[in-house]
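This is the structure I have questions about; it appears just below.
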Amino acid sequence: MKILTSTFKLLAQTATVAAIALLYMPGVQAAPGAGLTPGAGEGAQGKHEKHPHIRAAIHELREATREMKEAAHDFGGHREEALKASEGAIEQLKICLESVGKKGGAGKGAHAEAGGSVATPKAGKGGGEGAGLAKSGQGEGEHHPHIHAALRELHEAARELKEAAHDFGGHREEALKATDFAIEQLKKALEFDKK
């Protein structure tokens, strides 16, 4: 009976680790209904993974960049600026995760070790989280659904970054500034379309 119980526990742990790994591999998604979602907070995932908010923010930013790339228009350059800012935020967060295991912690020096500089634009004044977003889901009559979906993903990424416990030598804050800038640019893109 002990062998059966031990085997069952080992199988359950292996399945959990595999499911979590699938969630954070670029381009791979868990099967629908698997019960594990990025950004689930400190629940079951938080026990097995360090810095879940940073990883969830990276996921949201990747989804936002995918949506922006699928948008049909450039909106006077605003979509491209938002895309660059989102990619810069992803790079900042990669630096955060790369620096975690290094001696000296996640100081600003870790940025140079990770390979080059990432420009992060300064965010100006913007609306609060979710400001200007349509409440409906994608495809429910929204004009420019990819831009609206990207905005939702960016707001979720910003929320995750605000909930993260560490600053990683300023890299989390730079990622948040870049994310806020991307949000502003997409709002400007929608305004540009109205002209």
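One residue is enough: does segment 82-89 have a residue meeting the conditions modelled with pLDDT of 90 or more, in the same structural domain as GLN185 (by TED's automatic domain parsing) and closer than 12 Å to HIS171 by Cβ?
Checked against the condition, which is being modelled with pLDDT of 90 or more, in the same structural domain as GLN185 (by TED's automatic domain parsing) and closer than 12 Å to HIS171 by Cβ, segment 82-89 yields at least one hit.
Which residue out of GLY130, GLY124 is surrounded by fewer than 14 Cβ atoms within 10 Å (Cβ to Cβ), part of a loop (DSSP other than H, G, I, E, B) and modelled with pLDDT under 95?
Just a single option satisfies the conditions, and that option is GLY124.
Does HIS171 satisfy being farther than 11 Å from LEU61 by Cα and buried (at least 24 other Cβ atoms within 10 Å of the Cβ)?
Judged against the criteria, HIS171 is a match.
Here is a further query. Out of everything in segment 61-85 that is over 15 Å from HIS148 (Cα atoms) and in contact with a Phe, Trp or Tyr (Cβ under 6 Å, 6 or more places away or on another chain), what residue ends up being surrounded by the most Cβ atoms within 10 Å (Cβ to Cβ)?
The residue in question is ALA85.
Out of the residues in segment 141-162 meeting the condition of being assigned to a loop (DSSP other than H, G, I, E, B) and touching an Asp or Glu at 6+ places or on another chain (Cβ under 9 Å), tell me which one is surrounded by the most Cβ atoms within 10 Å (Cβ to Cβ).
So, considering only residues that are assigned to a loop (DSSP other than H, G, I, E, B) and touching an Asp or Glu at 6+ places or on another chain (Cβ under 9 Å), the one surrounded by the most Cβ atoms within 10 Å (Cβ to Cβ) is HIS144.
State all residues of segment 63-87 that are in contact with an Asp or Glu (Cβ under 8 Å, 6 or more places away or on another chain) and farther than 17 Å from LEU190 by Cα; if no residue qualifies, say none.
If the condition is that a residue be in contact with an Asp or Glu (Cβ under 8 Å, 6 or more places away or on another chain) and farther than 17 Å from LEU190 by Cα, then GLU63 is the only one that fits.
The values are calculated or read from the model by the stated rules, or taken from the named source; none is laboratory data. Every value quoted in this text rests on a predicted model; they were computed, and no experiment measured them. Ideal geometry is used to build each Cβ from the backbone, glycine not excepted, and the neighbour counts take in all protein chains shown.
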